[in-house]
Ligand code: UD1
């Protein structure tokens, strides 16, 4: 069966980054279909996607590890490429429950690749993370920096990257784009979709947003004695809309290249570092609300600075981030203030 070059399967397409990428792919003329088990996402996102795009969403509710089901789905929709988001992403939870992470992130990937091989679909974009750089020796980080891991979550991302490299060695027909995300934040400018963490947010931006909206009293700033300009941790925050465009560019590059074309591994970041206090100030500005904070001890496993050299993505994919920290905060605030309890 020949595939439809516009048909793209998004595993985990109902999640935070998956849902924004869904919209960007539709706007670029693709027909994305979603596979999601809603273990860490909300079915209400589907109606929001229909409102934004003005067309019905095709979504199948199933675990990505159901090999036979995924193979049949790939064939049913004549899928040309898969973007694989489905995976767990909490560092702390991965330390407490490592097998949950290896099963879903590594086992899910093995199953997906087997299903793709059986369906003769060998084009994949993979959601990796800057976590694969461990504690970088310097910044900005280029893709040839050594990789390492300090927790099971990070290890699963590295294992998946290695698995994809081995697969390409075994069969050069595989075309793989590995995207190493820096710190995705912000929301769709409509305020209809955004990040909706369950329980207490682990990540900075959703925590700050919940303080600003009054759901939590105060931000804990984990350390102000790092070797950074103001002592707090520096990260490369990237607007989720820019990240979504990065997936469109990566899919296009692989699909336009024909079978066995060039695979790539690229950073998706802005190349700019912002401190925790930069984010607090930018969010206060965007929201007009105070964000009270207290300085706490460092969080275990945190690094002082982490930001990308994004030049390779620009060269290979013609992609670069265009949104500022102010844009990220304005859109995160619109989402948070319009949906104070998330999708509930
Ligand atoms: C974290 C993960 C990383 C993962 C990424 C996914 C850790 C150690 N790292 O990255 O592996 O890929 O999320 O999005 O969990 N901060 C506070 N107060 C808070 C929360 C964060 O001060 O309540 C600070 C942190 O110390 C850090 C910065 O804000 O300096 C960003 O933290 P976070 O949003 O959790 O991202 P990372 O730690 O970069």
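Computed across the range 190-269, the Kirkwood hydrodynamic radius from all distinct Cα-Cα pairs reaches 16.2 Å. Just to be sure I understand: of the beta bridges DSSP finds with both ends in the chain, what percent are antiparallel, rounded to 5? Of all bridge pairs located within the chain, approximately 5 percent are antiparallel. Suppose the Debye formula is applied to equal point scatterers at every Cα of the range 87-243; what is log10 I(q)/I(0) at q = 0.09, 0.18, 0.21 Å⁻¹? The Debye formula, applied to the Cα set alone, gives -0.37, -1.32, -1.52. Over the range 235-338, all Cα pairs binned in 10 Å intervals from 0 give whole-percent P(r) values of 13, 35, 30, 16, 5, 1, listed from short to long. For the range 96-152, the Kirkwood estimate of hydrodynamic radius, built from reciprocal distances between every pair of different alpha carbons, is 13.7 Å.
Among 265, 322, which comes first, second and so on when ranked by fewest other beta-carbon atoms within 10 Å? Please list the in-between numbers first.
Numbers: 265 20, 322 11.
With the sparsest Cβ surroundings first, the list reads 322, 265.
For the chain, the longest principal axis of the C-alpha atoms and the axis of helix 44-53 are separated by about 80°. When Rg and the Kirkwood radius Rh are both evaluated on Cα atoms of the chain, their ratio Rg/Rh stands at 0.95. If you take the Cα atoms of the range 54-164, find Rg, then find the Kirkwood Rh from the mean of 1/r over all pairs, what is Rg/Rh? Result for the range 54-164 is an Rg/Rh of 1.03.
Per-residue Cβ neighbour counts within 10 Å put 33, 125 in the sequence 33, 125, beginning with the fewest. Annotation: peptides 128-137, 96-105, 323-332, ranked by per-residue average of other Cβ atoms within 10 Å with the highest first, follow the order 323-332, 128-137, 96-105. As a size descriptor, the averaged projected area of the C-alpha convex hull of the range 114-203 was calculated at 8.8 nm².
The angle separating the long axis of helix 16-27 from the principal Cα axis of greatest extent in the chain is about 60 degrees. Each of 62, 320, 51, 334 was scored by other Cβ atoms within 10 Å of its Cβ. Arranged with the fewest first, they read 51, 62, 320, 334.
Helix 108-118 versus the longest principal axis of the chain: what angle, 0 to 90°, nearest 10, using Cα atoms? Here the helix axis deviates by roughly 20 degrees.
Show me the ranking of peptides 77-88, 302-313 by mean Cβ neighbours inside 10 Å, starting with the highest.
Values: 77-88: 23.4, 302-313: 20.2.
Packing order, densest peptide first, comes out as 77-88, 302-313.
In terms of its alpha-carbon gyration tensor, the range 268-311 comes out oblate; a/c meets the 1.5 threshold, while b/c is at least as large as a/b. Using a ≥ b ≥ c from the Cα gyration tensor of the range 148-201 (square roots of the eigenvalues), is it rounded, prolate or oblate, where a/c under 1.5 gives rounded and otherwise the larger of a/b and b/c decides, a/b for prolate? Oblate. For the peptides 188-194, 161-167, 54-60, the ranking by packing is 188-194, 161-167, 54-60, with the highest mean count of neighbouring Cβ atoms within 10 Å listed first. The C-alpha atoms of the range 1-119 occupy a region whose extents along the principal axes are 41, 33, 19 Å, arranged from largest to smallest.
Computed from the coordinates by the stated procedures, all read-outs in this text should not be read as laboratory data. The model shown is predicted, which means the values in this text are computed figures rather than measured ones. Methodologically, a virtual Cβ is constructed for each residue, glycine included, from the backbone with ideal geometry; neighbour enumeration extends over all protein chains shown.
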